[in-house]
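Student: My structure is below; once you've seen it, I'll send some questions.
The values are calculated or read from the model by the stated rules, or taken from the named source; none is laboratory data. Note that the coordinates shown come from a computational prediction; the quantities given were computed from them, not determined experimentally. Cβ: placed from backbone, ideal geometry, glycine included. Neighbour counts: every protein chain shown.
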Amino acid sequence: MSKYPFAVPALVAIVAATSPAVAQDAKASDPPVEKKKDTAFEAGAALGLIIGTSGLGLGPGVGVDLGSRFRLGGGALAVHLRTQYQQASTDGTVEARCATPQTAPCMQAGSMDYSMTERALDFGLRVSYRVLAIEERWTPYFGLGPKLYLVRATTTSLGLENSETDTRFGFVAFGGAQLNIGPGHAFGELEFQRAGLRHRITGDSSLSGVGLIFGYRLAL
């Protein structure tokens, strides 16, 4: 028999009494989760590269975002207007043909080389859903929306320069992730955009491409 018959029960009682206090101290040491507003105005900038999928080369894209986000379900719904400038170039060879209908004598001129620079100012209404809660450190998101393109194409051929302008409607689909930093969040996204296009030098084509975009938005 133990010399100290009351030692074990006393030790158990001490541990049981101190356990709630230790648990409370551990809870108190955990940093509190900051509750964020259900709605917020957001403003930011975006910069990236756009790879044309219809013959246009790699070009820059620079944009400005203005919009809001709203808590919805377990995540958040975001609606932004992105105004973006993008530019891309291409070159090639085309066969010069007589005009149709022909109104004057014409001789085939053969082929000619050309270079073309496509500049576009577009306005896109982007609706996206952020999957995780607003308080989470990061969240993936996905979305889509319509775009209005104001296009200007400048073509140089045979030492002459010609410019064409056009207005086109298209769409954008995108997905990415954002990381909460400071008063807002940094984001990176992959997007696909498309709009029909027609130039005299190239015929039917499209203003389409895949973009890799990075930026930062303030949440106010």
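Student: Filter the range 128-150 down to residues that are assigned to a strand (DSSP E or B) and basic (Lys, Arg) and give me whichever is surrounded by the most Cβ atoms within 10 Å (Cβ to Cβ).
Tutor: Arg130
Student: What's the number of the condition Ala153 fails, among (1) at pLDDT 90 or above; (2) crowded, with 16+ Cβ neighbours inside 10 Å; (3) farther than 28 Å from Gly74 by Cα?
Tutor: (1)
Condition check ((1) among the aliphatic types (A, V, I, L, M); (2) surrounded by 10 or more Cβ atoms within 10 Å (Cβ to Cβ); (3) modelled with pLDDT under 55; (4) in contact with an Asp or Glu (Cβ under 6 Å, 6 or more places away or on another chain)) across all residues:
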{"position": "Val22", "(1), (2), (3), (4)": "yes, yes, yes, no"}
{"position": "Ser54", "(1), (2), (3), (4)": "no, yes, no, no"}
{"position": "Gln86", "(1), (2), (3), (4)": "no, yes, no, no"}
{"position": "Thr103", "(1), (2), (3), (4)": "no, no, no, no"}
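Student: So, one more: Give just the number: which of (1) over 16 Å from the mean Cα position of the chain (by Cα); (2) within 18 Å of Arg71 (Cα to Cα); (3) modelled with pLDDT of 95 or more does Ile181 not satisfy?
Tutor: (2)
Student: Does the range 28-43 contain at least one residue that is under 39 Å from the mean Cα position of the chain (by Cα), small (Gly, Ala, Ser) and at pLDDT 80 or above?
Tutor: Yes, some residue in the range 28-43 is under 39 Å from the mean Cα position of the chain (by Cα), small (Gly, Ala, Ser) and at pLDDT 80 or above.
Student: Of all residues being in a loop (DSSP other than H, G, I, E, B) and modelled with pLDDT of 70 or more in the range 192-219, which is surrounded by the fewest Cβ atoms within 10 Å (Cβ to Cβ)? Just the residue, please.
Tutor: Checking each candidate, the answer is Ser208.
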